[in-house]
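Reviewing the structure listed below.
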Amino acid sequence: MYEQFRAKAVGVGAEVYRFETKREALDFVLPFLEKEGLADAPGSYAVWADSPFLDGLDLKALQQLPGLRFDVSRQLSSQAKFGISQMEWAVADTGSLVQDQSAAEQRLVSSLTEIHIALIATGNIVAGKAPLFARINPKTSRYIAFITGPSRTADIERVLTIGVHGPQRLIIVFVDELGGERL
Amino acid sequence: MKKEFKASITRAVNDANLTGALGKFSEAYKVNRAKAYEGIDFEALRSRIAEIKSGAACDLDAVAETFKKNAEALGAKVYRTRDPQEVKDYILQVAKDNGVKTVVKSKSMATEEIHLNRHLMENGISVAETDLGEWIIQLAGQTPSHMVMPAIHMTKEEVSDLFSKEVDERLSTDIPRLVKVARNELRPRFLAADMGISGANIAVAETGSIVLVTNEGNARLVTTLPRIHIALVGVEKLVEKFDAVVPILDALPRSATAQLLTSYVSIISGPTPNDDGTLKDLHIILMDNRRTEMARDPKFKQALQCIRCGSCLNVCPIFRLVGGHVFGGIYTGGIGTILTAWFDELQKSEDIQGLCIQCGNCTQVCPGKLDIPEMILEIRRRLVLEKGQSLVQKAIFGVVNNRKLFHGMLRAASVAGRPFTSGKFIRHLPLFLSDLTEGRSLPAIAAEPFRDSFRKIEQPKSREKAAFYAGCLIDFAYPETGVALVKLLNQAGIEVTFPEAQTCCGAPALYNGAYDVAAQNAVENIRVLLQEDVKYVVSACPTCTVALAHEFGRTLETLGRTEWLPKAKELAEKSVDLATLVKQLVDEGRLSFKEGAQLGKITYHDSCHLKRTLKVSEQPRELLQKAGYQVTEMFECDMCCGMGGSYSMKLPEISAPILQSKLRNIKETGAPVVAMDCPGCVMQIRGGFDQDGSGVRVKHTAELLADQLKG
């Protein structure tokens, strides 16, 4: 299912990576941020919303990176270039990511920023909407968000253009070590 | 039709930007849509959606009440109203109570429907549309021309001009750059807005949820950043169960934009915390605005199955020529005609309902299984009931309803030698016209109608008989098609009868809303065609076959003449189109063609009624191949030729360019012959090639097959 997901997600303009461990994922994410211009200045921050991925990591060490912030706010997110969050489900047949985003910070980091880095447990890929809908519940999740590729429009002359109001890039990082349902 | 309306059509079809953009889009759409639906059983999917939506429409009041109860239990405020004015008052009151100065909106046709922006702005509130297309038309002071792509009629140059004015800087026409301008201009407004207004694509009663389907990401910001969120939802968006979301999400993006899924889908169930820790003030307005009335009308209830994907516009041969603004209302195209007739008033649809050529393309792609052409016919019928027929139409149908007079006049036209040039009635007779319209010649009335030729044909006697229903065009303009039909059936050992008292099939009257005339035609034909004991009633005109096999019963039922229904059914069961019958005879080994014939390339034009109502498309192709032709498909082989009966006379400015595309597509195959099974299409396309001078031969399939019979 990972390969199907990857093909569909890449087909709609997402960038997809997969790592075995959280360490390896971090070794990808942190240099990526630096390479793309992370800095302690408006327009260059990275905001990281509360994620199970962070459990057991040395946050203090991460905070040493200039510009990487965990105190997500509207103000900070609107000045951030990067938003990092963990999504709960990946849907193979459409290349979509799904998460309960009832907490506003989850939406701020994934909608106001230019580049959204989405972490996800490789074990949480489902085949399609039917198995997905058996796992999501509007009674307990007030804002269920589906994200499929970057923000797009074709409103001017039907020309596909990426990055209108949401992120221009969606970087999906699968981490096997995060476990998930099929582990 | 009103003069201003005609003028707006002429302007639209001559607007090269518009027709170029729409034409390109519509051609690409068909291919992309098919790709998006690969591996999906579309018929099963749309049956499921129709069932879900129709189920909710049956009991709108109860479903709406369940939604209200469940959404309120979660903390949302739900307001139900029938009246658009009350919607506007409610929203304004919420704004005033909360000191709202600025509003950001994501796309909502329901707010367009009630002209909400104007109301808020007149009351001193600043409103920014944030969907790129909606923002463009807001800056231009226009209404959306398409429900999914509101600004599809505009060029990048026009957009660049609008944006340049807005940001007070001369911008280039580079589209990514223009999109960037929109992002930068609208971002501060999102962050500062006091209120967000959205629509909803689905509202789930069971869970009190609303579902938003978007691509740009603006709906996520509208529902997240401002402290107040108001969702305006037409009650047709209601479904009962949460699992109903799945099939609608499977279909909506595929049908709307040929995507597997849009970039964003949000399922919101009750208020969520704002980023400052307070709880969102969430209002959901369920607006009726005549939808319940519509749901109670047996002919229009199906309109509530619409999921607002716009695919009916994307495949419409008329929409791709004229665009949306000709329709004059908020909702455009075929579905827009129906919604305008209800949400505004029936009279408002008087002109625009005439734009539908009844080709049925939209019925093939509609994910809600709406029969838009049927509903438009019903609008026509009701308009005629309300206003009566025009004098000209009355005169025409007076003649058509009197077979002897009608046929006598057709004969007179032939005797006169200069058909249609004199006599006011003749020139307006349905399917026959006096003037040579630009780009198409019209056939002369045959010197000898089929009914006269028929008597001279010597037929082998047989116990197996077929009654031939010729229809006006074959009888009086193309008798050779009828002769070919007799030859084909005789060869298979079937004797053909020709009941002389047969009259017009009633299609011209029906498609003009004159149901009483159509019903009278139906009754006369039923009586005549059931007189003899025949196995088949065969026709070589698909429109006539549809009348015999489908419309007679439906028309009589609509008018309550139920005593005729059993006979109509008996006739329907015997009725068959020629291609289907001949294919059956060939398959049974009763007919065969000369062996080894190499007749070269041919292309085939699918007639609307044959392909989409009678579902016949492979049979004629297989027969032509068996007869020795090599069938080469043209681009858009099943796109209407623009004839549409009297349509080509009422709206020649639309019919002519449709014909031109058809001629071009035929010529591009390089085939010297084009075959078709409808004498109306023969008249249109042959007339077109006669003017065009390219020498492509236009033939009814029956004639081509009869020439190749063995023995």
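Every number here is computed from the coordinates shown, using simple stated rules; none is lab data. These figures come from a predicted structure and were not determined experimentally. Cβ sites come from the backbone with ideal geometry, for glycine too, and all protein chains shown count toward neighbours.
Placing unit charges on the Cβ atoms of the charged side chains and taking the dipole of the protein assembly as shown about its Cα centre, the candidate lying farthest along the positive direction among B:Leu370, B:Ser145, B:Ile494 is B:Ile494.
Using the Karplus relation 6.51 cos²θ - 1.76 cosθ + 1.60 with θ = phi - 60°, the per-residue 3J(HN,Hα) values for the stretch B:482-495 come to x, 4, 4, 4, 4, 4, 4, 6, 4, 4, 8, x, 9, 8 Hz, with x marking Gly and Pro. Rounded to the nearest 500, the helix-only mean residue ellipticity at 222 nm of chain B stands at -14000 deg cm²/dmol, with each DSSP H run of n ≥ 4 adding -39,500 (n - 2.57). Each residue of the stretch B:568-573 was assigned a 3J(HN,Hα) from its phi angle through the Karplus expression (A = 6.51, B = -1.76, C = 1.60, θ = phi - 60°), giving 4, 5, 4, 5, 4, 5 Hz with x at Gly and Pro.
Separation of the alpha carbons by more than 22 angstrom is noted, of B:Lys53/B:Lys387; B:Lys6/B:Lys348; B:Lys301/B:Lys615, for B:Lys53/B:Lys387; B:Lys301/B:Lys615. Residues B:Ser269, B:Ser164, arranged from fewest to most other Cβ atoms within 10 angstrom of their Cβ, appear as B:Ser164, B:Ser269.
The longest part of chain A holding none of the exposed loop trypsin sites (Lys or Arg not before Pro), meaning those outside H, G, I, E and B in DSSP with at most 13 other Cβ atoms within 10 Å, is A:1-134.
When both the stretch B:621-644 and the stretch B:356-403 are represented by their alpha-carbon centers, they are found 28 Å apart. Between B:Arg80 and B:Leu286, the built amide H atoms are under 5 Å apart, and every one of these is 5 or more places off in sequence or on another chain. The order of B:Lys299, B:Lys88, going from fewest to most other C-beta atoms within 10 Å of their C-beta, is B:Lys299, B:Lys88. The ranking of B:Trp342, B:Trp135 from fewest to most other beta carbons within 10 Å of each one's beta carbon is B:Trp342, B:Trp135. Restriction of the GluC sites (Glu not before Pro) in the stretch B:225-328 to DSSP coil positions whose beta-carbon has at most 15 other beta-carbons within 10 angstrom yields no sites. Other residues with beta-carbon under 10 Å from the beta-carbon of B:Val673 carry, at +1 per Lys or Arg and -1 per Asp or Glu, a net charge of +3. Answer with one residue from A:Phe146, B:Leu252, B:Ala579: the one whose Cα lies farthest towards the positive end of the charge dipole of the protein assembly as shown, charges on Cβ with Lys, Arg +1 and Asp, Glu -1. Value: B:Ala579. Note on the stretch B:305-321 and the stretch B:53-119: Cα centroid distance 26 Å, given to the nearest whole angstrom.
Between B:Leu282 and B:Lys77, B:His229, the built amide H atoms are under 5 Å apart, and every one of these is 5 or more places off in sequence or on another chain. With contacts taken as Cα pairs under 8 Å and at least 6 residues apart, chain B reaches a relative contact order of 12 percent. Couplings for the stretch A:50-58, taken from phi via the Karplus curve 6.51 cos²θ - 1.76 cosθ + 1.60 with θ = phi - 60°, read 2, 9, x, 3, 6, 4, x, 8, 7 Hz in order; Gly and Pro are left as x.
Expressed as a whole number of Å, what is the distance separating the alpha-carbon centroids of the stretch A:90-125 and the stretch B:189-250? If we compute the Cα centre of each part, the gap is 18 Å. Beta-bridge orientation, the protein assembly as shown: approximately 25 percent antiparallel, per DSSP, counting only bridges with both partners inside.
Which of rounded, prolate, oblate describes the stretch B:112-173, given a ≥ b ≥ c as roots of the alpha-carbon gyration tensor eigenvalues and a/c under 1.5 marking rounded, otherwise prolate only if a/b is larger than b/c? In terms of gyration-tensor shape, oblate. Taking the C-alpha atoms only, the angle from helix B:156-167 to the longest principal axis of chain B is near 20 degrees. Seen against the Cα atoms of chain B and their longest principal axis, helix B:60-73 is set at about 20 degrees.
With the charge dipole of chain B set up from +1 on Lys and Arg Cβ and -1 on Asp and Glu Cβ about the Cα centre, the Cα lying farthest toward the positive end among the listed residues B:Thr332, B:His700, B:Gly506 is that of B:His700.
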